[in-house]
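What follows is calculated from the coordinates using simple rules that are stated; it is not laboratory data. Keep in mind that this is a model prediction, so the values were computed, not measured. When we count neighbours, we look across all protein chains shown, and the Cβ atoms used for this are built from the backbone with ideal geometry, even at glycine.
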């Protein structure tokens with residue numbers, strides 16, 4: 001693992017943890033601040049989506065140095081939103097740069 005992919009790994013892991021925490025807070029807090037049943041469903045749904053995206057980031061963090069996972073994590077970071085997603089996008093960009101500049105010489 002190169003230095004860029006390691007820094008990307010750390011950023012994606014921290015961003016994924018923040019996404020999971022914010023998803024749990026959405027799920028826990030949305031029934032208290034919603035004024036209708038539709039608001040509760042929307043808040044819980046957004047929390048579940050953010051929780052799933054955070055888990056994808058945590059699982060994919062160790063593969064950030066590969067091209068496919070870097071692209072997947074970049075898309076997940078763009079979809080998720082928030083401070084954790086910014087860290088995921090930065091880490092995925094570092095992993096993408098690392099995977100594109102990695103050469104094997106024979």
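So, residue 88, is that one in contact (Cβ under 8 Å) with a residue 12 or more places away in the chain and under 10 Å from the mean Cα position of the chain (by Cα) or not? Yes; evaluated as a whole, the condition is true for this residue.
One residue alone among 65, 60, 43, 77 is free of Cβ contacts under 8 Å to residues at least 24 places away in the same chain and surrounded by 16 or more Cβ atoms within 10 Å (Cβ to Cβ), and that residue is 43. Number of residues in the stretch 48-106 that are within 30 Å of residue 31 (Cα to Cα) and part of a loop (DSSP other than H, G, I, E, B) equals 2. Scoring residue 97 on the criteria (1) without any contact (Cβ under 8 Å) to a residue 60 or more places away in the chain; (2) surrounded by fewer than 22 Cβ atoms within 10 Å (Cβ to Cβ) leaves a single failure, condition (1). Out of curiosity, is residue 5 touching a residue at least 12 places away in the same chain (Cβ under 8 Å), in a helix (DSSP H, G or I) and under 14 Å from the mean Cα position of the chain (by Cα)? So residue 5 fails the test.
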